[in-house]
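Working notes, structure below.
Values quoted throughout were computed directly from the atomic coordinates according to the rules given, and no laboratory measurement underlies them. This structure is a prediction, so every number in the text was calculated from the model and none was measured. Cβ placement follows ideal geometry from the backbone for every residue including glycine, while neighbour counts extend to all protein chains displayed.
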Amino acid sequence: MKYFLTVVLLFATLVCARDSNAPPGSSDQVKEDLIRIEREIGRANFDCDYEYFAKVEGEEFIFTDATGGITTRKQDLAGENDCHKFDGTYDLDETRVNLYGSAAVVTARVTISGKN
C-alpha cells in the first residue's frame with residue numbers, strides 16, 4: 001500500500017543527527033534531521049510511541065494525509081487512546097525537503113506493509 005504524504009513541520013531548533021557528514025545547522029543537516037524524524041515517526045506509529053510525538057511535534061504541528069485530511073498536534077496526541085501496535089515495515093522514498101526560513105515542508109512516498 002502506498003501513501004503520498006505531505007508533512008508540514010514548523011521548528012525553532014533541531015538536534016543535529018549523530019551520524020551525519022553535513023555541518024551542524026546547515027541546510028543539508030536540517031534536511032537530514034527532518035527525514036530522520038519522518039522515519040522515526042513511522043516507527044513511533046507502529047509502536048504507539050506517543051512520547052516521541054510529544055517530543056517532536058511543535059504546538060503548530062499540522063499533518064496533511066493522503067486524502068487531504070488535516071490533523072493538529074492535539075488531535076494527533078489524542079490518538080494514543082485508540083492506538084494498536086502494528087508489526088510491519090515503513091519504507092520512505094522519494095523524499096524532498098523544502099526549507100522556508102524557520103519552516104519546512106517534507107514530501108515523501110511511504111510504503112507500509114504488514115499483516116492485519
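Summary table below
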read-out: Shape of segment 71-116, Cα gyration tensor, a/c cut at 1.5; value: oblate
read-out: Formal net charge of residues neighbouring TYR52 (Cβ-Cβ distance under 15 Å; K, R +1; D, E -1); value: -3
read-out: Environment charge of GLY114, counting only residues whose C-beta is closer than 11 Å and scoring Lys/Arg +1, Asp/Glu -1; value: +1
read-out: Order of GLU59, GLU38, GLU80 - criterion: other Cβ atoms within 10 Å of each residue's Cβ, fewest first; value: GLU59, GLU80, GLU38
read-out: Local electrostatic count, LYS31, Cβ distance below 12 Å [Lys/Arg +1, Asp/Glu -1]; value: -2
